[in-house]
Number of protein chains: 2
Amino acid sequence: MKPFELFRQKHEFFVDMTCEGCSGAVTRVLNKLGGVQFEIDLPNKKVFIESDKDTDVLLETLKKTGKAANYIGPK
Amino acid sequence: MKPFELFRQKHEFFVDMTCEGCSGAVTRVLNKLGGVQFEIDLPNKKVFIESDKDTDVLLETLKKTGKAANYIGPK
């Protein structure tokens with residue numbers, strides 16, 4: 001059991017990634033932010049993030065990459 | 001003649017770009033920064049930036065993309 005993860009919300013984002021360089025860049029900005037667990041679905045241009053951070057903070061972090069990004073909703 | 005551009009230095013950077021999504025991301029972060037003119041050589045992973053801004057500022061901006069980036073030198 002991981003009590004500190006019970007309240008974490010999982011969020012789905014669109015990020016316009018087209019190659020493994022793109023998904024690698026997203027991986028690095030999210031790891032730099034910290035406090036997140038995530039999965040990247042490159043073919044479908046989706047990023048699933050589990051975090052207690054605001055979705056605005058997560059979206060701004062994704063947009064730092066220079067890629068088009070949108071919040072889709074809770075997952 | 002463009003007198004305000006006479007003192008601008010042109011700088012060469014390596015940025016690990018592998019697709020047009022990558023070079024598009026670099027284009028967007030540099031346009032967002034402003035005060036720069038630049039060319040991107042995607043096959044050779046080079047970005048040439050003409051600007052009065054510090055190279056540290058330019059490099060940090062390039063690194064925001066989450067891509068590996070290094071300053072090569074004046075061009």
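Restricting attention to segment A:57-69, does a residue exist that is open to solvent by 30 Å² or more (accessible area, probe 1.4 Å), among the hydroxyl-bearing types (S, T, Y) and more than 17 Å from B:S23 (Cα to Cα)?
no
Please name all residue pairs, on different chains or six or more residues apart, with Cβ atoms under 9 Å, provided the first residue is in segment B:17-41 and is over 18 Å from A:V29 (Cβ atoms) and more than 8 Å from chain A (Cβ to nearest Cβ) and the second residue is assigned to a strand (DSSP E or B) and among the basic types (K, R).
Filtered contacts from segment B:17-41: B:Q37/B:K10; B:E39/B:K46; B:I40/B:K46.
Tally the residues that are open to solvent by 70 Å² or more (accessible area, probe 1.4 Å) and either closer than 25 Å to A:V15 by Cβ or in contact with a Gly (Cβ under 6 Å, 6 or more places away or on another chain) (or both), restricting the search to segment B:29-52. Outline the logic, then answer.
The first filter runs over segment B:29-52 and keeps only residues open to solvent by 70 Å² or more (accessible area, probe 1.4 Å), leaving B:31-32, B:37, B:39, B:43-44, B:52.
Adding the requirement that they be either closer than 25 Å to A:V15 by Cβ or in contact with a Gly (Cβ under 6 Å, 6 or more places away or on another chain) (or both) leaves B:31-32, B:43.
Residues flagged as open to solvent by 70 Å² or more (accessible area, probe 1.4 Å) and either closer than 25 Å to A:V15 by Cβ or in contact with a Gly (Cβ under 6 Å, 6 or more places away or on another chain) (or both) within segment B:29-52 amount to 3.
When you scan segment B:58-68, do you find a residue that is in contact with a Leu (Cβ under 6 Å, 6 or more places away or on another chain), within 14 Å of another protein chain (Cβ to nearest Cβ) and closer than 19 Å to A:T27 by Cβ, even just one? Before you say what the answer is, go through the steps one by one.
First, pick out the residues of segment B:58-68 that are in contact with a Leu (Cβ under 6 Å, 6 or more places away or on another chain): B:61.
Retained after the next criterion (residues that are within 14 Å of another protein chain (Cβ to nearest Cβ)): B:61.
Narrowing the set further to residues that are closer than 19 Å to A:T27 by Cβ leaves none.
No, there is no match, as no residue in segment B:58-68 is in contact with a Leu (Cβ under 6 Å, 6 or more places away or on another chain), within 14 Å of another protein chain (Cβ to nearest Cβ) and closer than 19 Å to A:T27 by Cβ.
Would you mention how many residues in segment B:21-60 are out of contact with any Lys or Arg (no Cβ under 8 Å at 6 or more places or on another chain) and aliphatic (A, V, I, L, M)?
Number satisfying all stated conditions: 6.
Can you name every residue in segment B:46-67 that is without any contact (Cβ under 8 Å) to a residue 24 or more places away in the chain and either touching a helix residue (DSSP H, G or I) at 6+ places or on another chain (Cβ under 6 Å) or not in a helix (DSSP H, G or I) (or both)?
B:K53, B:D54, B:G66
The values are calculated or read from the model by the stated rules, or taken from the named source; none is laboratory data. Note that the structure is a prediction, hence the values are computed from the model and not measured. Because the Cβ atoms are built from the backbone with ideal geometry, glycine has one as well, and the counts that use them run over all protein chains shown. Quick note on the areas: whole protein, heavy atoms, side chains included, nothing else; ligands and nucleic acids left out. Shrake-Rupley method; radii C 1.70, N 1.55, O 1.52, S 1.80 Å.
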